[in-house]
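What follows is one structure encoded as C-alpha cells, with my remarks underneath.
The values are calculated or read from the model by the stated rules, or taken from the named source; none is laboratory data. None of these values were measured; they are calculated from a predicted model. Neighbour counts run over all protein chains shown; Cβ positions are idealised from the backbone, glycine included.
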Amino acid sequence: MILILRPNIDTEGAEYQHLISHLSRLQSIELRIHRERGVEQTLTEVYLIGNTAALSVEDMKNLPGVDHVVRVSEEYRILGRHKDDNRSSHFDYQGVRFSQDTLHVFAGLCAVDTPDNVEKMMRALRDNGQVCTRMGAYKPRTSPYSFQGHGKNCLPYVFELAGAYGIKIIAMEVTHESHLDEIGEALANARNATGVMLQIGTRNTQNFELLKSVGRQREFPVLLKRGFGITLEESLNAAEYLASEGNRKVVFGLRGMKSNLAAPHRNFVDFAHVPVVKRMTHMPVCIDPSHSVGSRSSGPEGILDIMHVTAQGVIAGANMILVDFHPDPDNALVDGLQALRLDELPGFLEDVRIAGEAYKQRLARLQRS
Ligand code: PEP
Ligand code: MN
C-alpha cells in the first residue's frame, strides 16, 4: 500500500512526525519512504510493506498529512498502474519532460567512431531542431574480436561537442557499474555541458547486479531495453528493480524479439506492445526501429521498413524513438547496415510528425465520441 502525502509536506513538522510514529506502530508492517524532488514540488510517499490486507484504505486516507492511498497489487509495485492510481508519473531531466504523453527522438550513432562523425551527427541534429541523441561508447558485441566501442576515451569529445551543439541528453549504454563513474567524471570535466540517459541493453535486462547499481543512483534517468528472449513480465520486473532501488526515472524500450520467424527482419518487431506497457505501468515507452528491423530494406512504394515501423509505434502512442543514423553508414564500425544517412534525417522527422499528428487525431476522435 502506498500513502501519497500532501505535496511539499514538511518532514520536520509535527504532522509528519505524528504520522510516521503512528505507522511505525502498525503490526507486521515495514515502512519505506520515498521522496521525489520535482521542479514544481516535492512528493513524499510512504510504502507500507507486509500484511497490508488488514489495513483499510479509508482509515489510511484519514490520517493527517495523507493526500491519497493506493492499494498496490504484488506486481510492479512502484512502476505499475494500480486501481485508482493517479500518481503523477512524469519526470524532467535537463529541461526535457518524459511521460506517457510526450514524444522525443534520440537519433544518433550506434557506436561512436571518430570525433568528426560525432560532430557531423550533432550538427545535423541541431540544424533539425533536435536536443537528444544516442551515442554508444560501451558496445556489447556478439564476437569478442569485434570493435567494443571506445569506452571512456571518447567521452570527453562526445560531451564537449554535445554542449557545443545544444544537445541536452545522450542515451548511452552501460554494461558495467564502473561506467557510471566514468560517465559522471567525464561530464563533470565537461562542466556538465550535457546529460546522459543510461541505457541497459537487451543482453543485460536481467543482469540484476547492474540493475541494482544503476537503480541506486538517481542522477541519471534510465532506458531499460526489453530482453530479447524473455517474457514481457520478466522485462517489466527488471524495470521494477531500478525503481525498487530508488530510481524511478525509467523509460521502457521495445527493440524487437529474437526469433527466426522475424526474417527478413533482424528481430520480430514488438511495437504492438506500446499500449500494453502503457496500460500496465506508468513508464514512457521507447521504440527502437533500427535494432528491430536491422536493415535498410523498403516497401515497394519506397518507404524504408525502419520508417514504417517507427510510424506504427508512434501512431500507437510511443513516447521516445531511439534510432541509428551515421554520416557514412558504409564505413560505420557497428550496425552500418541499419543506419540512416544524415540527408534522411529531415524526412524521418517529418514522418514521425505525421504519425504523431495521426495519434493525436485518434485521441481527439475518442474524446468526441
Ligand atoms: C543499442 O541500442 O546499441 C543496442 C545494442 O541495443 P540492444 O541492447 O537493443 O541490442
Ligand atoms: Mn547497434
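Residues in the range 133-166 that are more than 14 Å from ligand 1 (Cβ to nearest atom), outside any helix (DSSP H, G or I) and touching a residue at least 40 places away in the same chain (Cβ under 8 Å): Tyr165, Gly166.
For the range 268-289, taking the residues that are among the hydrophobic types (A, V, I, L, M, F, W, C) and within 16 Å of ligand 2 (Cβ to nearest atom), the one that is nearest to Val72 (Cα to Cα) is identified as Cys286.
Residue count for the range 98-115 satisfying the condition of being closer than 18 Å to Met135 by Cβ and either in contact (Cβ under 8 Å) with a residue 60 or more places away in the chain or buried (at least 19 other Cβ atoms within 10 Å of the Cβ) (or both): 10. Cβ separations smaller than 6 Å between residues 6+ apart or across chains give the following pairs from the range 194-213 residues that are under 13 Å from His179 (Cβ atoms) to residues that are among the β-branched types (Val, Ile, Thr) and in a loop (DSSP other than H, G, I, E, B): Leu198/Val174.
For (1) free of Cβ contacts under 8 Å to residues at least 40 places away in the same chain; (2) touching a Ser or Thr at 6+ places or on another chain (Cβ under 9 Å); (3) surrounded by fewer than 12 Cβ atoms within 10 Å (Cβ to Cβ), each residue gets a yes or a no:
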{"position": "Ile2", "(1), (2), (3)": "no, no, no"}
{"position": "Glu12", "(1), (2), (3)": "yes, no, yes"}
{"position": "Ser21", "(1), (2), (3)": "yes, no, yes"}
{"position": "Gln27", "(1), (2), (3)": "yes, no, yes"}
{"position": "Tyr93", "(1), (2), (3)": "no, no, no"}
{"position": "Val96", "(1), (2), (3)": "no, yes, no"}
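Summed over the range 279-311, residues that are more than 16 Å from ligand 1 (Cβ to nearest atom), touching a residue at least 12 places away in the same chain (Cβ under 8 Å) and not β-branched (Val, Ile, Thr) total 11.
The requirement of being more than 16 Å from Leu5 (Cβ to Cβ), under 25 Å from the mean Cα position of the chain (by Cα) and not in a loop (DSSP other than H, G, I, E, B) is fulfilled nowhere in the range 54-71; no residue meets it. Restricting attention to the range 324-349 and to residues that are more than 16 Å from ligand 1 (Cβ to nearest atom) and within 23 Å of the chain's Cα centre (by Cα), the residue that is farthest from Ser143 (Cα to Cα) turns out to be Leu349. Would you check if there is a residue in the range 127-137 being hydrophobic (A, V, I, L, M, F, W, C), surrounded by 19 or more Cβ atoms within 10 Å (Cβ to Cβ) and either touching a Leu at 6+ places or on another chain (Cβ under 7 Å) or more than 23 Å from Lys225 (Cβ to Cβ) (or both)? Yes: the range 127-137 contains one or more residues that are hydrophobic (A, V, I, L, M, F, W, C), surrounded by 19 or more Cβ atoms within 10 Å (Cβ to Cβ) and either touching a Leu at 6+ places or on another chain (Cβ under 7 Å) or more than 23 Å from Lys225 (Cβ to Cβ) (or both). The set of residues from the range 302-338 being surrounded by fewer than 22 Cβ atoms within 10 Å (Cβ to Cβ), within 12 Å of ligand 2 (Cβ to nearest atom) and hydrophobic (A, V, I, L, M, F, W, C) comprises Ala332, Leu333, Val334, Leu337. State whether the residues of the range 312-323 include one that is assigned to a helix (DSSP H, G or I), more than 15 Å from ligand 1 (Cβ to nearest atom), farther than 20 Å from Phe228 by Cα and within 20 Å of the chain's Cα centre (by Cα). Yes, some residue in the range 312-323 is assigned to a helix (DSSP H, G or I), more than 15 Å from ligand 1 (Cβ to nearest atom), farther than 20 Å from Phe228 by Cα and within 20 Å of the chain's Cα centre (by Cα). Those residues that are closer than 24 Å to Leu349 by Cα and either touching a Cys at 6+ places or on another chain (Cβ under 9 Å) or within 16 Å of ligand 2 (Cβ to nearest atom) (or both), I need them from the range 116-143; list them, please. Correct list: Asn117, Val118, Met121, Leu125, Thr133, Arg134, Met135, Gly136.
In this entry, Ser297 is excluded by the filter for residues that are buried (at least 21 other Cβ atoms within 10 Å of the Cβ), under 11 Å from Gln338 (Cα atoms) and at pLDDT 95 or above.
Taken together, the residues in the range 254-278 that are of a type outside the set (A, V, I, L, M) and either within 14 Å of ligand 1 (Cβ to nearest atom) or buried (at least 23 other Cβ atoms within 10 Å of the Cβ) (or both) amount to 9.
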